[in-house]
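One structure below.
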Amino acid sequence: LTAPAINQSMYRKFERRDWQEVLRLVVIVGALLQAAWLYPGFVYADSFDQYTQALKGQFSDWHPPILALFWRLQIEVLGTGNLFYAIHIAGYWLALYLVLRHWPASKWPAIAVLGMGFAPFALPFLGVVWKDVSLAVSAMLACALIIDARIQSKPINIQRGVIIGLLLLRSEERR
């Protein structure tokens, strides 16, 4: 008996673009699983007060008003205020992807994304509508956009600069 000939094209080595596709898939599936698991999110009393301000369009200075303003914008653009936790999750996973996509092509970036995406220090908080979580995710995404541009040796263009500026402004809501 002889072993059948192996068609090498069927078993070709994964190339860099293949690992990039795996990494994208891991990010998308991870974010969707996390969003489904944490749905509908959790709102603390302080955040609920800010949501009420967003609905009424009347803002106080008891809490930093930028969260209520952002919530108001979400209601106007998306027609609902119930997706705030999903915005946290999307920003978190996008930041992970932007940084880890530059790692050498292998299985390790995908494993790292899974490990950090479902890390105990992040997982429970991403479903909470809370200004501290918004601050962390906004700052993380702004840093990831800067790192992404620097790794590619590209200057930060106007569009990316505006996005980074808005994210940093958003992260200032804590003050």
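The values are calculated or read from the model by the stated rules, or taken from the named source; none is laboratory data. Values in this document were obtained by computation on a predicted structure and should not be read as measured data. Note that we place each Cβ from the backbone using ideal geometry, even for glycine, and neighbour counts take in every protein chain shown. We work out accessible area using only protein heavy atoms, side chains counted, and drop any ligands, DNA or RNA first. Shrake-Rupley method; radii C 1.70, N 1.55, O 1.52, S 1.80 Å.
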Answer with yes or no whether SER153 is hydroxyl-bearing (Ser, Thr, Tyr), part of a helix (DSSP H, G or I) and at pLDDT below 85. no
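Listed here are the residues, each with its yes/no results for (1) touching a Phe, Trp or Tyr at 6+ places or on another chain (Cβ under 6 Å); (2) surrounded by fewer than 16 Cβ atoms within 10 Å (Cβ to Cβ); (3) closer than 28 Å to GLY30 by Cα.
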residue	(1), (2), (3)
GLN50	no, no, no
GLN53	yes, no, no
GLN58	no, yes, no
HIS63	no, no, no
ILE66	no, no, no
LEU69	no, no, no
ILE75	no, no, yes
THR80	no, yes, yes
Residue list for the range 46-68, filter: at pLDDT below 80 and aliphatic (A, V, I, L, M): ILE66, LEU67, ALA68
Scanning the range 116-135 residue by residue, those open to solvent by less than 70 Å² (accessible area, probe 1.4 Å), more than 20 Å from LEU98 (Cα to Cα) and part of a helix (DSSP H, G or I) turn out to be GLY127, LYS131, ASP132
All-but-one check, SER138 against (1) under 18 Å from the mean Cα position of the chain (by Cα); (2) closer than 22 Å to LEU100 by Cβ; (3) open to solvent by 60 Å² or more (accessible area, probe 1.4 Å), failing number (3)
Out of everything in the range 22-39 that is closer than 10 Å to ALA110 by Cα and open to solvent by 60 Å² or more (accessible area, probe 1.4 Å), what residue ends up being modelled with the highest pLDDT? LEU25
Just to be sure, is LEU145 farther than 30 Å from THR52 by Cα, part of a helix (DSSP H, G or I), modelled with pLDDT of 80 or more and among the aliphatic types (A, V, I, L, M)? yes
Looking only at the range 91-115, which residues are surrounded by 15 or more Cβ atoms within 10 Å (Cβ to Cβ) and of a type in the set (Lys, Arg)? ARG101
Restricting to the range 86-112, count the residues that are farther than 23 Å from ILE163 by Cα and hydrophobic (A, V, I, L, M, F, W, C). 6
Residue ranges of helices (runs of 4 or more DSSP H) in the range 43-102 with at least 3 members more than 22 Å from the chain's Cα centre (by Cα): 45-56
